[in-house]
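Reviewing the structure listed below.
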Amino acid sequence: MSSLTDLVAIVQRAQQSALALSAMKGTDRSRALQLMAEVLAEQQDDILEANTLDLEISREMAVPELILEWLKLTPERLQMAGKTLQRLAELSDPIQQILNVPSYQVDECQTYSQLTPLGVIAFIYESFPELGVIAAGLCIRSGNSLVLRGGPEASHSNQAIAQALRLAIDDAGLPVDCLQFLPTDHGDLIRELVTQDQYVNLVIPYGRSSLVQQVVRQATAPVLKTAIGNCYLYWSLSGSLDMARWMILESHRSEPDPVNAIEKVLIHREHSSTALNMLASSLKEKGFKLRGDASLVENYPELFATGVEFSEWGQAYLDNTIAFKTVNGLEAAIHWINQYSSGHADCLATESYQESRLFALGVNSAMTYINASPRFYRNPKRGSSIALGMSNQKGHRRGLIGLETLTTLRHIVQGNGMV
């Protein structure tokens, strides 16, 4: 691919394939997902070899350690992506489900709606080679075409994965152009891709905030913003130490990207010094680096040797750093979270029912967790909510990015010709 003309041809083929894919039986798409999982397992060694090459090149080019961690594939990460494909194959077909629409009725007619695919999804991501697999699985299951545009640091890994998946799609009898891969060695085509609103129905950027904001600024096609990190916990005066500690530690256990990791902790200023010492010490023992606001640095220099710059309250660390701040109470905590949180997952540790209700109603985030771990699972052990990531916007969809996120509603009014 060497020009904008080639890119337009690619998204046009994706659009035509989306029309054919949406008309196919759910069982055909299920079979494709099963074959995709099998081919992924068969070509695991080749994919890991390509990933090793990406890692070697990235280290020579001094790519940040965070990106290297996101980039590094392991057999376990690749196998988990394959299991996600298998589980998607077992789910019921999400499209063409009939839904009643009691709020809209026409005399002498039957009115209903059904879920239908969006069409063409563009997934723009940095590192995370296995996310291309999960995005492809979600799109095939929901009847959408997918255009993959990964980062240059993962070019060999992404190409090996895309080739394997396209082989399986072709073997399953699906239109092979429903999965498109844009290589990175032909220039930066992100701006050109996200402005193809005639063909691209949704753009999903995934990675650091800088990438997401770049796509949001440039796109003319609809964008589903994603968010990683900078989630807040308010440790209420009534909240137990064990609960706060467990919520923080558990939130950081998602790999390779702890999407809902608690990076900021607001504490009631009347919390006992003993409880604060115990929490901070246990976190330090687990390898966390702690930072504090001015009052905490002054009063607890042995716990919080490093202060927090004001800009940090609204930014994700994306590592094992946690910043602490004292507040006067629940109202102040809610106000601070609404102003500086990334807005996709925020938490409360409390023993007060009234506080839990006020927090749930007052915090303006996609998801709130009260005395519960916000840990993010792409392929949860139970339930059917396989998710690509988390969205913090109020536009197209909000919260978990799953199968329903990639569909829209079509309304049907069926009459009998009588006036």
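Given the structure, is ASP6 part of a helix (DSSP H, G or I), of a type in the set (D, E, K, R), modelled with pLDDT under 95 and within 29 Å of GLY143 (Cα to Cα)? Judged against the criteria, ASP6 is a match.
Of all residues in region 189-230, those satisfying the criterion of being hydroxyl-bearing (Ser, Thr, Tyr), in contact (Cβ under 8 Å) with a residue 12 or more places away in the chain and out of contact with any strand residue (DSSP E or B) (no Cβ under 7 Å at 6 or more places or on another chain) are THR195, SER209, THR220. Of all the listed residues (SER157, SER113, SER127, SER92), the sole one being in a strand (DSSP E or B) and either in the same structural domain as THR407 (by TED's automatic domain parsing) or surrounded by fewer than 24 Cβ atoms within 10 Å (Cβ to Cβ) (or both) is SER113. If you check LEU88, LEU21, LEU35 for being within 23 Å of the chain's Cα centre (by Cα) and either under 23 Å from LEU388 (Cα atoms) or without any contact (Cβ under 8 Å) to a residue 24 or more places away in the chain (or both), only one passes: LEU88. Of all residues assigned to region 96-105, none qualifies as being without any contact (Cβ under 8 Å) to a residue 12 or more places away in the chain and under 16 Å from ALA37 (Cβ atoms). Picking from residues in region 368-419 that are of a type in the set (Lys, Arg) and crowded, with 16+ Cβ neighbours inside 10 Å, the one that is farthest from GLY119 (Cα to Cα) is ARG375. Could you tell me whether region 64-81 includes any residue that is of a type in the set (Lys, Arg), in the same structural domain as ALA136 (by TED's automatic domain parsing) and farther than 17 Å from TYR125 by Cβ? No, the conditions are met nowhere in region 64-81.
If you scan region 314-342, which residues turn out to be over 26 Å from GLY287 (Cα atoms) and crowded, with 18+ Cβ neighbours inside 10 Å? LEU330, ALA333, ILE334 - these are the residues of region 314-342 that are over 26 Å from GLY287 (Cα atoms) and crowded, with 18+ Cβ neighbours inside 10 Å.
Could you check, for region 324-331, whether at least one of its residues is in contact (Cβ under 8 Å) with a residue 40 or more places away in the chain, touching a strand residue (DSSP E or B) at 6+ places or on another chain (Cβ under 9 Å), in a loop (DSSP other than H, G, I, E, B) and of a type in the set (Gly, Ala, Ser)? Yes: region 324-331 contains one or more residues that are in contact (Cβ under 8 Å) with a residue 40 or more places away in the chain, touching a strand residue (DSSP E or B) at 6+ places or on another chain (Cβ under 9 Å), in a loop (DSSP other than H, G, I, E, B) and of a type in the set (Gly, Ala, Ser).
Conditions first: (1) over 13 Å from GLU263 (Cβ atoms); (2) of a type outside the set (Lys, Arg); (3) in a loop (DSSP other than H, G, I, E, B). TYR317 passes all but one, so which condition is the exception? Failing condition for TYR317: (1). Restrict the check to region 95-109 and report whether at least one residue is part of a helix (DSSP H, G or I) and either over 22 Å from the mean Cα position of the chain (by Cα) or not basic (Lys, Arg) (or both). Looking for residues that are part of a helix (DSSP H, G or I) and either over 22 Å from the mean Cα position of the chain (by Cα) or not basic (Lys, Arg) (or both), one finds none in region 95-109, hence no.
Per the listing LEU55, LEU48, LEU78, the residue uniquely crowded, with 20+ Cβ neighbours inside 10 Å and at pLDDT 95 or above is LEU78.
Is it the case that region 380-393 has a residue that's in the same structural domain as GLU250 (by TED's automatic domain parsing) and either within 30 Å of VAL203 (Cα to Cα) or modelled with pLDDT under 95 (or both)? Checked region 380-393: no residue is in the same structural domain as GLU250 (by TED's automatic domain parsing) and either within 30 Å of VAL203 (Cα to Cα) or modelled with pLDDT under 95 (or both). Of the residues making up region 166-190, just one is part of a helix (DSSP H, G or I) and within 21 Å of the chain's Cα centre (by Cα), namely ILE190. For the structure I just gave you, tell me whether ARG166 is farther than 24 Å from GLU56 by Cα, surrounded by fewer than 22 Cβ atoms within 10 Å (Cβ to Cβ) and at pLDDT 95 or above. When the stated conditions are applied, ARG166 passes them.
Apart from one condition, PRO205 fits all of (1) within 17 Å of SER342 (Cα to Cα); (2) at pLDDT below 95; (3) not in a loop (DSSP other than H, G, I, E, B); the exception is (2). For region 11-41, filtering for residues that are out of contact with any helix residue (DSSP H, G or I) (no Cβ under 8 Å at 6 or more places or on another chain) and closer than 25 Å to SER127 by Cβ leaves 0. Scanning region 58-75 for residues that are surrounded by 14 or more Cβ atoms within 10 Å (Cβ to Cβ) and of a type in the set (A, V, I, L, M) turns up VAL63, LEU66, ILE67, LEU68, LEU71, LEU73.
The values are calculated or read from the model by the stated rules, or taken from the named source; none is laboratory data. Every value quoted in this text rests on a predicted model; they were computed, and no experiment measured them. Reconstructed Cβ throughout: ideal geometry from the backbone, glycine too, with neighbour counts over all protein chains shown.
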